[in-house]
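Reviewing the structure listed below.
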Amino acid sequence: MMFQIRCAGCDAPGAAVCTTCRFALLGPRPQPGSHGVRAALPFTGRARKVVLGLKYRNRRQVARHLAGLVVNAIVAVGDQHDLDMVTWAPTSDARRRSRGFDQGELVARHVARQLGVPCRRLLVRSGGSATQTGRSRIERLHGPEFVARPGLDGRRVIVVDDVVTTGATLRAAAAALRHAGVVEPRLYAVASTPAGSAASARRRPGLAAPEPTLVA
Ligand SMILES: [Zn+2]
């Protein structure tokens, strides 16, 4: 069977993200939510489809394009200035094993390259390889715990994740980085779920929304 490149957004043959979808992804960026995370795209419609495309064909080209949109969001507020490095909020070991890679890391590496700063692994999950079902109720409600590499005093860091829902993951990452001395970590995601879904998750704490899984 011949391998053919298809658009992650509309399945048209020819490019990993076609021209029509590139324009469609240039719509207004979501407002940063109460979680303080700036996202390049809403996790809806065509944008959602392209983000989900990270898991499938032409992953690297899709990641490069999405990273470019994150860079636009960074530059729009001037966060590229006085920046020392880019990092990511690592996914659980179990999820990374099942996917074969970490989507946050993939996008973070492209973002760093495009900004001309190093990308460093600064965070580890202190919960080890616990999966969603193995996590405590507290952890499900408040997000994972991270530990940051020591010796980051005064460093200025951008943290990248793929999709933000409640912001718990990036908030936990930011807390660990602050503890290690990072000055006001700047939080970015490729996409954010509409405010309504995070709000409804908050209204039903017994059914805490997991960070969206792209495994489906
Ligand atoms: Zn397309």
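How about the range 15-72: which of its residues are open to solvent by 90 Å² or more (accessible area, probe 1.4 Å), more than 16 Å from the ligand (Cβ to nearest atom) and in contact with a His (Cβ under 9 Å, 6 or more places away or on another chain)?
Residue satisfying the conditions is Arg60 alone.
Would you mind finding the one in Thr87, Thr91 that is open to solvent by less than 30 Å² (accessible area, probe 1.4 Å), within 14 Å of the chain's Cα centre (by Cα), modelled with pLDDT of 95 or more and hydroxyl-bearing (Ser, Thr, Tyr)?
Working: Thr91 fails: modelled with pLDDT of 95 or more.
After applying the criteria, what remains is Thr87.
Restricting to the range 1-14, what's the tally of residues that are within 12 Å of Arg59 (Cα to Cα) and near the ligand (Cβ under 8 Å from one of its atoms)?
Qualifying residue count, the range 1-14: 2.
Just one of Ala191, Ala180 is touching a strand residue (DSSP E or B) at 6+ places or on another chain (Cβ under 6 Å), closer than 21 Å to Val70 by Cα and modelled with pLDDT of 95 or more; which is it?
Ala191
Name the residues in the range 77-104 that are under 13 Å from Leu115 (Cα atoms) and free of Cβ contacts under 8 Å to residues at least 24 places away in the same chain, would you?
Selection gives Gly78, His81.
The values are calculated or read from the model by the stated rules, or taken from the named source; none is laboratory data. Because the structure is predicted, anything quoted here is derived from the model rather than measured. Every residue, glycine as well, gets a Cβ built from its backbone with ideal geometry; the counts of neighbours run over all protein chains shown. Just so you know, the surface numbers come from the protein's heavy atoms only, side chains and all, with ligands and any DNA or RNA stripped out. Shrake-Rupley method; radii C 1.70, N 1.55, O 1.52, S 1.80 Å.
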